[in-house]
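Below: one structure, written as structure tokens.
The values are calculated or read from the model by the stated rules, or taken from the named source; none is laboratory data. Just so it is clear, the model here is predicted, and its values are computed rather than measured. Keep in mind that these areas ignore ligands, DNA and RNA; they rest on the heavy atoms of the full protein, side chains included. Shrake-Rupley method; radii C 1.70, N 1.55, O 1.52, S 1.80 Å.
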Amino acid sequence: MTDAIRPLIAGNWKMNGLKAAAAEFDAMLNGAAEVAGKADLLVCPPATLIAAFSDKARGKAVGVGAQDCHPKPSGAHTGDVAAEMLVDAGATAIIVGHSERRADHGEGDALIRHKAEAAWRAGAVAIVCIGETQAQRDAGQTLDILRGQLHGSLPEGSTAANLVVAYEPVWAIGTGLTPTSQDVEQIHGFIRELLTSRFKADGAAIRLLYGGSVKPSNAAELMAVKNVNGALIGGASLKAADFLAIAKGCP
Ligand code: PGA
């Protein structure tokens, strides 16, 4: 943890949640005040729930975000959603470059950079995800992969106010596996160096989240690691009790 940076606990609901999930979100809103001293909270539900959730969250200590956007503001792109539409619905942050988008939809760094710029154009924070696969890790390529993804996915003009970086080792997502604290410290330190060398003082203040099988039982240890400024949480963010317990684990 870098002292001056306020942690962000962000939930990525992925393709989970019908209208009835509003009850779980209500429980998050109700519990948020208790953890507001620890961290900022953000929930990224499916796009279909953003408007309803952001109405509920008005005046509460939970932000609402989106999981992806199209790089263009409008046009003939059937099935896609523009950053402007997500912000219009109430999103204040947009995740881009999640490994499931990179793998399932073949998204590469240049497209992800354009999506991050689209988030900014619409007035949202971009949460850019990076992370190595198991095969890349086994081949000793982790740092090279991360360097390439950061270089290619982060736009010029990134600041602590418009960008969050999430390090999510692909092999740790949804598997119950996590890197050791030592590994996280080494990798987050490496990412921090790249951010400060490219973005100077802003790079030192950009929030750097860890993601991949974060749960209440490991959150305190992971959130205490140097240069870990919060978490991006998938499975455990679907339950208010777990999501809030993770936030409570922030130092
Ligand atoms: P997980 O997912 O917490 O379920 O491992 C993390 C993510 O994909 O953001």
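Express in whole angstrom the spacing between the alpha-carbon centres of region 229-251 and region 9-83.
14
Explain nothing, just the number: relative contact order of the chain, from Cα pairs under 8 Å at least 6 residues apart, as a whole percent. Numbers along the way, then the final one.
Values: 530 pairs, mean separation 57.0, N = 251.
The value is 23 percent.
Strictly greater than 22 Å: what percent of every Cα pair in region 1-89 meets that? Walk me through the numbers before you get to the answer.
Values: 1289 of 3916 pairs.
Cα-Cα pairs of region 1-89 separated by over 22 Å account for 33 percent.
Remind me, relative contact order of region 8-106 in percent, using alpha carbon pairs under 8 angstrom and six or more residues apart?
26
Taking amide H atoms as placed 1.01 Å from N in the peptide plane, list the residues 5 or more away in sequence, or in a different chain, whose amide H sits under 5 Å from that of residue 11.
When sequence neighbours closer than 5 places are left aside, the close amide H contacts are 42, 43, 44, 233.
Carbon and sulfur: what percent of the chain's accessible surface (1.4 Å probe)? Can you show the working numbers first?
Numbers: 5830 of 10630 Å².
Of the solvent-accessible surface of the chain, carbon and sulfur hold 55 percent.
May I ask for the Kirkwood hydrodynamic radius of region 134-251, worked out over all distinct Cα pairs and given in angstroms to one decimal?
Working: mean 1/r = 0.0681 Å⁻¹.
Hydrodynamic radius (Kirkwood, Cα only) of region 134-251 equals 14.7 Å.
Determine, at each q value in 0.09, 0.19, 0.21, 0.23 (inverse angstroms), the log₁₀ of I(q)/I(0) that the Debye formula gives when each Cα of region 42-160 is one equal point scatterer.
These q points yield log10 I(q)/I(0) values of -0.26, -0.98, -1.13, -1.26.
Considering every pair of different Cα atoms, what Kirkwood radius, in Å, is found for the chain?
On the way: mean 1/r = 0.0562 Å⁻¹.
Evaluated on the chain, it is 17.8 Å.
According to the Kirkwood expression over distinct Cα-Cα pairs, how big is the hydrodynamic radius of region 106-152, in Å?
Values: mean 1/r = 0.0857 Å⁻¹.
Value: 11.7 Å, from the Cα pair sum.
Which percent of Cα-Cα pairs in region 111-188 sits in each 5 Å bin, short to long?
So the P(r) values, bin by bin, are 3, 15, 24, 22, 16, 13, 7, 1.
Mind listing the long-range amide H neighbours of residue 96? Cut-off is under 5 Å, sequence gap 5 or more, other chains count too, H placed in the peptide plane at 1.01 Å from N.
Amide H neighbours of residue 96: 127, 128, 129.
Would you give the gap between the C-alpha center of region 191-205 and the C-alpha center of region 106-183, rounded to a whole Å?
Region 191-205 and region 106-183 have Cα centres separated by 15 Å.
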